[in-house]
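Worksheet for the structure shown next.
The values are calculated or read from the model by the stated rules, or taken from the named source; none is laboratory data. In this text the structure is predicted, and so the values were computed from the model without any measurement. Every residue, glycine as well, gets a Cβ built from its backbone with ideal geometry; the counts of neighbours run over all protein chains shown.
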Amino acid sequence: MKIKRVLRWSALFILLLAVLALLVAYVTSTNNCDRISRFTGAGMKAVIRCDYGSPDALKVADVQKPAPGPDEILVKVRAASVNPLDWHMMEGTPYLMRIGTGLRKPTDVFLGVDYAGTVERVGSNVTQFTPGDDVFGGRDGALAEYICVRADHAVVRKPAAVTFEQAAALPVAGVTALQGLRDKGRIAAGQKVLINGASGGVGTFAVQIAKSLGGEVTGVCSTKHIALVKSLGADRVIDYTKENFANSGVVYDLILDNVGTQPLSAFRHVLSPSGRYVAIGGGGTHDQGITGPFPRILQAWLLSHFTHQKLGMMLAELNKRDLSFLAGMIESGQLKPVIDRDYKSLGQVAEAMRYLEQGHAAGKIIVNID
Ligand SMILES: NC(=O)c1ccc[n+]([C@@H]2O[C@H](COP(=O)([O-])OP(=O)(O)OC[C@H]3O[C@@H](n4cnc5c(N)ncnc54)[C@H](OP(=O)(O)O)[C@@H]3O)[C@@H](O)[C@H]2O)c1
């Protein structure tokens with residue numbers, strides 16, 4: 001009896017401590033937005049947000065221009081693209097992710113990842129790049145006139161045949177499509193591949209990459225994007241407003257799911273007994289509550305221990321090898337980034353985010369910064 005009471009009080013005490021720690025972490029969660037926005041001097045323009053929220057919370061501020069460290073390069077950004085990832089960072093949802101990004105306010109006030117631009121200065125240890133090189137890659141805070149990037153991270157030379165807009169479209173969406181199909185999906189020539197969400201940023205790259213790797217591709221999209229997905233090489237297109245792919249009777253070796261619009265059981269129903277289901281996204285750009293797609297990911301992970309079907313999610317990892325590989329595909333004409341909208345300045349980022357938020361972009365949304 002006594003042990004039970006001690007255990008009960010100990011559990012309560014630990015719970016109280018955890019709640020208190022969370023409360024303190026929440027209240028003290030802050031950022032340097034005020035100091036950054038008070039900057040006066042010859043700096044640069046960047047998109048910042050002091051709080052989580054809608055695109056209305058975004059503003060273009062004059063901030064200090066970064067200076068490259070010994071292992072860094074300073075890039076003048078020419079074009080950037082926006083991704084659902086940026087939208088989640090802006091909104092701070094699902095709330096679980098705030099453990100890493102700041103509980104009450106975003107720790108990092110800058111936004112964006114994908115960029116393409118020109119090297120302006122290099123650090124003393126940098127040998128791979130010289131001023132004047134055109135480069136592209138992924139780095140936090142890319143929606144700015146300048147960024148500093150570690151030369152050994154995800155940044156590579158932009159081939160001359162690839163435009164700044166095309167290069168800026170590539171990093172997050174292109175690498176996700178490639179790694180989802182090749183690494184997680186282990187696509188093989190002749191396989192039947194279903195791409196759910198074939199007309200968006202990831203999907204338009206995935207259809208083309210899957211075709212180039214020999215897949216027999218079925219894309220799922222809405223009526224207005226059927227022609228686009230066909231033009232990218234899809235062998236078959238399913239209009240999700242008229243037909244449910246789960247009732248088609250066709251069985252796939254690999255499913256790349258960019259939207260998570262159906263229960264896992266629907267995907268398993270059309271997946272071959274040893275097929276692979278790769279969850280890329282789920283829930284889209286709307287309120288994702290506390291946990292977002294995590295319960296679904298957990299369900300897939302648990303289920304995959306009891307079936308020969310391989311069910312799982314992937315998180316793209318930006319690296320030099322895959323960025324160069326994709327740029328090479330554009331150069332050789334195997335891959336063509338689909339650009340839906342091309343906004344003309346940092347001042348239009350909020351508008352770009354509003355369009356992204358609708359969740360029906362045909363390919364990528366670019367922001368020109370030059
Ligand atoms: N795991 C990772 O590392 C990773 C990396 C990048 C992105 N993601 C995630 O992947 C998802 C897709 O990213 P994205 O850049 O491709 O987004 P996006 O450009 O906004 O595209 C969303 C696509 O979803 C389609 N869609 C909407 N409702 C649908 C439905 N009921 N059935 C089928 N398709 C539907 C839309 O097609 P229609 O316009 O034709 O309706 C649109 O093509 C996002 O959730 C993103 O967060 C994950």
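Can you pull out every residue in the stretch 23-48 that is in contact (Cβ under 8 Å) with a residue 40 or more places away in the chain and hydrophobic (A, V, I, L, M, F, W, C)? Full working, then the answer.
Restricting attention to the stretch 23-48, the residues satisfying the condition of being in contact (Cβ under 8 Å) with a residue 40 or more places away in the chain are 25-27, 29-33, 36, 44-48.
Within the stretch 23-48, Ala25, Val27, Cys33, Ile36, Met44, Ala46, Val47, Ile48 meet the criteria.
For the stretch 29-49: of the residues being among the basic types (Lys, Arg) and in a loop (DSSP other than H, G, I, E, B), which is nearest to Val82 (Cα to Cα)?
So, considering only residues that are among the basic types (Lys, Arg) and in a loop (DSSP other than H, G, I, E, B), the one nearest to Val82 (Cα to Cα) is Arg49.
How many residues, within the stretch 177-192, are under 15 Å from Gln208 (Cβ atoms) and either basic (Lys, Arg) or in the same structural domain as Lys364 (by TED's automatic domain parsing) (or both)?
Summing the residues that are under 15 Å from Gln208 (Cβ atoms) and either basic (Lys, Arg) or in the same structural domain as Lys364 (by TED's automatic domain parsing) (or both) in the stretch 177-192 gives 1.
Out of curiosity, is Gly289 assigned to a loop (DSSP other than H, G, I, E, B) and more than 21 Å from Leu181 (Cβ to Cβ)?
It is true that Gly289 is assigned to a loop (DSSP other than H, G, I, E, B) and more than 21 Å from Leu181 (Cβ to Cβ).
Here is a yes/no grid of residues against (1) of a type in the set (Asp, Glu); (2) touching a Ser or Thr at 6+ places or on another chain (Cβ under 6 Å); (3) in the same structural domain as Ala151 (by TED's automatic domain parsing); (4) more than 30 Å from Phe267 (Cα to Cα):
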position	(1), (2), (3), (4)
Gln309	no, no, no, no
Asp322	yes, no, no, no
Leu326	no, no, no, no
Ser332	no, no, no, yes
Tyr343	no, no, yes, yes
Leu346	no, no, yes, yes
Ala352	no, no, yes, yes
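Which pairs do you get when a residue that is of a type in the set (S, T, N, Q), found in the stretch 341-370, comes within reach of a residue that is within 14 Å of the ligand (Cβ to nearest atom) and part of a loop (DSSP other than H, G, I, E, B), reach meaning Cβ atoms under 9 angstrom, with the pair 6+ apart or on two chains?
Going by the 9 Å Cβ cut-off, the qualifying pairs are Gln358/Thr285.
Would you check if Ile187 is in contact (Cβ under 8 Å) with a residue 24 or more places away in the chain and away from the ligand (no atom under 12 Å from the Cβ)?
Against the criterion (in contact (Cβ under 8 Å) with a residue 24 or more places away in the chain and away from the ligand (no atom under 12 Å from the Cβ)), Ile187 qualifies.
Being surrounded by 21 or more Cβ atoms within 10 Å (Cβ to Cβ), polar (S, T, N, Q) and touching a residue at least 12 places away in the same chain (Cβ under 8 Å) is the requirement here; does Thr223 meet it?
Considered against the rule, which asks whether it is surrounded by 21 or more Cβ atoms within 10 Å (Cβ to Cβ), polar (S, T, N, Q) and touching a residue at least 12 places away in the same chain (Cβ under 8 Å), Thr223 comes out as no.
What is the residue count in the stretch 162-202 for residues that are closer than 15 Å to Asp235 by Cβ and either in a loop (DSSP other than H, G, I, E, B) or within 14 Å of the chain's Cα centre (by Cα) (or both)?
Here the count works out to 5.
Which of the residues belonging to the stretch 241-253 are among the hydroxyl-bearing types (Ser, Thr, Tyr) and assigned to a loop (DSSP other than H, G, I, E, B)? Talk me through it step by step, then tell me what you get.
Quick first cut of the stretch 241-253, residues among the hydroxyl-bearing types (Ser, Thr, Tyr) only: 241, 248, 252.
Selection gives Thr241, Ser248.
Kindly list, by first and then second residue, each pair from a residue in the stretch 254-283 that is in a loop (DSSP other than H, G, I, E, B) to a residue that is among the charged types (D, E, K, R), limited to pairs with Cβ atoms under 8 Å and residues at least 6 apart or on different chains.
If the second residue must be among the charged types (D, E, K, R), the pairs left are Gly260/Arg296; Ile280/Asp257; Gly281/Asp257; Gly282/Asp257; Gly282/Arg296.
Can you tell me which residue within the stretch 300-314, out of those that are of a type in the set (S, T, N, Q) and at pLDDT 90 or above, is farthest from the ligand (Cβ to nearest atom)?
Of the residues in the stretch 300-314, the ones of a type in the set (S, T, N, Q) are 304, 307, 309.
Those left that are additionally at pLDDT 90 or above: 307, 309.
Values: Thr307: 22, Gln309: 19 Å.
Among them, the one singled out is Thr307.
Would you mind finding the one in Thr130, Thr118 that is at pLDDT 95 or above, touching a Gly at 6+ places or on another chain (Cβ under 7 Å) and surrounded by fewer than 20 Cβ atoms within 10 Å (Cβ to Cβ)?
On the way: Thr130 fails: touching a Gly at 6+ places or on another chain (Cβ under 7 Å).
Only one candidate passes the filter, namely Thr118.
I'd like the residue in the stretch 70-97 that is assigned to a helix (DSSP H, G or I) and within 12 Å of the ligand (Cβ to nearest atom) and, out of all such residues, is surrounded by the most Cβ atoms within 10 Å (Cβ to Cβ).
Among those residues, the one meeting the criterion is Asp86.
Suppose the filter is under 14 Å from the mean Cα position of the chain (by Cα), buried (at least 20 other Cβ atoms within 10 Å of the Cβ) and in contact (Cβ under 8 Å) with a residue 60 or more places away in the chain; does Gly137 pass it?
So Gly137 fits the description; yes.
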